[in-house]
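Structure first, commentary second.
The values are calculated or read from the model by the stated rules, or taken from the named source; none is laboratory data. Keep in mind that this is a model prediction, so the values were computed, not measured. Ideal geometry is used to build each Cβ from the backbone, glycine not excepted, and the neighbour counts take in all protein chains shown.
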Amino acid sequence: MSKHMKRLAAPRSWSIPRKTNVYTTKPRPGAHPVERAMPLGTLLRDHLRLVATGREAARVIGAGEVLVDGRIVKDAKFAVGFMDTVAVPKVGKAWRVTIDEKARLRLAPIDAQNATWKLAQVASKTTVTGGRTQLNLHDGRNLLVQKDSYATGDVLRIEVPSQKVLGHFPLKEGAQVFITDGRHAGEVAPVKAIEVTRSHKPNLIHLKSGDVAFTTIKPYAFPIGDKSNLPSNAGEATGAALEKPHAAPRAKKADKAEKAAKPEVTANVS
């Protein structure tokens, strides 16, 4: 497997300039899939604009100035993914990784209090020695619980970095869910019905937002309890609270037209 990544081959969820340079930083294998994660150094440089170059990002991160989910991370290639919190105590700011309406990763500002917890979805469950249940969460965490009252697809509100469970949001009818992918990515809507498909296809979630009813698949439904558990303007690519990356410079159309209109000079030989 290659250790390098070209910008043109980077996941579509990355909002980075594609044609300014050949290569970009490839995240190390971690808790999130590469389509749902971005290197910490790239976030600081291209999204938060706290540094100007990748070398500066590596120095700041290596000095222990950046926290991810309440823990110091010193690797600029560390993969930061959906619902992770990023905090820089020296500037007194924190952000949560969310998804906009085009299923792209965005950073929404949050206050210091909201940076002490995060939402994590139960991806699967395992029974370990002693009959206890282990919950495997979407961000790579594993929690051991004495009483198995959680189902796959439910979301836990956990304290970071202690991993203490603060709340439980089941995926059921009437629950408010955040859509993480597909045509309705970034939207929040209540569940009207859950359709179990008797095939290899995923179960269907029927939702209604205002007067518009739509359907998505179960892996795209992320229960949130209520909208207060999401950052303001989460999922809105045009929201003023979202930090957007730099746009790639473009040549002006007038310059291109002027260059194309210049006649070729030919020498007359008499």
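Structure notes:
- Within the range 117-196, strands (runs of 3 or more DSSP E) holding 3 or more residues that are among the polar types (S, T, N, Q): 117-127, 133-137
- None of Ala115, Ala175, Ala108 is farther than 21 Å from Gly81 by Cβ and modelled with pLDDT under 95 except Ala175.
- For the range 1-20, residues that are part of a loop (DSSP other than H, G, I, E, B) and surrounded by 11 or more Cβ atoms within 10 Å (Cβ to Cβ) total 9.
- Scanning the range 153-189 for residues that are of a type in the set (A, V, I, L, M, F, W, C), within 17 Å of the chain's Cα centre (by Cα) and closer than 15 Å to Leu204 by Cβ yields Val177, Ile179.
- In the range 173-191, the residues that are in contact with a strand residue (DSSP E or B) (Cβ under 7 Å, 6 or more places away or on another chain) and of a type outside the set (A, V, I, L, M): Glu173, Gly174, Gln176, Phe178, Thr180, Gly182, His184, Gly186, Glu187, Pro190
- From the list Gly186, Gly153, the lone residue that is assigned by TED's automatic domain parsing to the domain that holds Ser124 and surrounded by 18 or more Cβ atoms within 10 Å (Cβ to Cβ) is Gly153.
- Of all residues in the range 139-152, those satisfying the criterion of being within 25 Å of Gln176 (Cβ to Cβ), within 28 Å of the chain's Cα centre (by Cα) and without any contact (Cβ under 8 Å) to a residue 60 or more places away in the chain are Leu143, Val145, Ser149, Tyr150, Ala151, Thr152.
- Taken together, the residues in the range 27-70 that are farther than 18 Å from Pro109 by Cα, in contact (Cβ under 8 Å) with a residue 24 or more places away in the chain and basic (Lys, Arg) amount to 2.
- For the range 70-94, the set of residues classified as in contact with a Lys or Arg (Cβ under 9 Å, 6 or more places away or on another chain) and farther than 18 Å from Ala31 by Cα consists of Ala87 only.
- The range 28-41, residues that are closer than 18 Å to Thr98 by Cβ, touching a Lys or Arg at 6+ places or on another chain (Cβ under 8 Å) and crowded, with 21+ Cβ neighbours inside 10 Å: Pro39, Leu40
- A single member of Ser199, Ser228 is part of a helix (DSSP H, G or I), out of contact with any helix residue (DSSP H, G or I) (no Cβ under 9 Å at 6 or more places or on another chain), loosely packed, with under 13 Cβ neighbours inside 10 Å and not charged (D, E, K, R), and it is Ser228.
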